[in-house]
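Structure first, then comments.
Throughout, read-outs are computed from the coordinates displayed, never taken from laboratory work. Predicted model, so just to flag it, every value in this text is computed and none were measured. Please note: Cβ atoms are built from the backbone with ideal geometry, for glycine as well, and neighbour counts cover all protein chains shown.
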Amino acid sequence: MKTTIKSLLLTLLLLTLSACSKVNSENFKKLEVGMEYEKIVALLGEPNKCDIVLNAKSCQWVDGEKKIDVKFFADNVVYYTGTGL
């Protein structure tokens, strides 16, 4: 009985955490050219990967098959794309 309850609670916790992904179409629609890097991080969380060359930054937020790529210049969004959202 205790094992069944623990398994059920663990399953519910995992479902809740997977549903909380910030890499989704709703948050993608909130992105705008000109937004500051800090606002994007507040919306999507810390990026999974960023590459920086001179004053340009390219960051990715990934959750399974869902991906949001954002290009920054001087810490402001200049271009963004989404895949699998």
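I need the calculated FRET efficiency for the pair residue 85 and residue 56, taking r as the beta carbon distance and R₀ as 30 Å, to the nearest 0.05.
Between residue 85 and residue 56 the formula returns 0.80.
Calculate the FRET efficiency for residue 36 and residue 65 from the Cβ-Cβ distance with a Förster distance of 41 Å, rounded to the nearest 0.05.
According to the calculation, E is roughly 0.90.
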